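A.B. asks: Sharing a structure here in structure tokens format.
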Amino acid sequence: MDFETSMKISASGLQAHRAWINVLSANLANIHTTRTAEGTPYRRRTLIYESVPHEENFDALLREVAEGELERVEVAAVVPDSRDFKTVYDPNHPDADADGMVRLPNINPVEEMANMLTAARSYEANLAALNTAKTLALKALELGR
């Protein structure tokens, strides 16, 4: 693997984890949103990643698949979480039903913060790998002098 490829792989990881952090931030920001444009509480969102070969031409793609070489990661989709909404009794809430029950988003703040820490650590790991590849490339240039 050359330096450029390793940098592209790390950069794609940075982009994917930045997208994850953005989704987690939106989830936390909407933890008390009981009514969206659809009329339902905010539904927690999550990402689906997919690996994509880093080569663009078909011959190189076939070679990479056959040899099992590394690929880059991309966000395939942002999907809503299928878990049920939480319900609490709050008859004074403007979105309460006739029984005084309010549906709240299906977001667990502890889970979101744990995911945020994981995403931040993963981002840092990709950044460290990118910096290492950059340092190695610079050292290789120095050897050629």
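A.B. asks: Once you charge only the Cβ atoms, +1 for Lys and Arg and -1 for Asp and Glu, what is the size of the charge dipole of the chain about its Cα centre, to the nearest 20 debye?
C.D. replies: Charge dipole of the chain: 500 debye, to the nearest 20.
A.B. asks: Given R₀ = 30 Å, FRET efficiency for residue 88-residue 113 by Cβ-Cβ distance, to 0.05?
C.D. replies: 0.90
A.B. asks: Within region 1-54, which trypsin sites (Lys or Arg not before Pro) sit in a loop by DSSP and count at most 16 neighbouring Cβ atoms inside 10 Å?
C.D. replies: When the trypsin sites (Lys or Arg not before Pro) of region 1-54 are filtered for loop state and at most 16 Cβ neighbours within 10 Å, 35 remain.
Every number here is computed from the coordinates shown, using simple stated rules; none is lab data. Quick caveat: nothing in here was measured; it's all calculated off a predicted structure. Because the Cβ atoms are built from the backbone with ideal geometry, glycine has one as well, and the counts that use them run over all protein chains shown.
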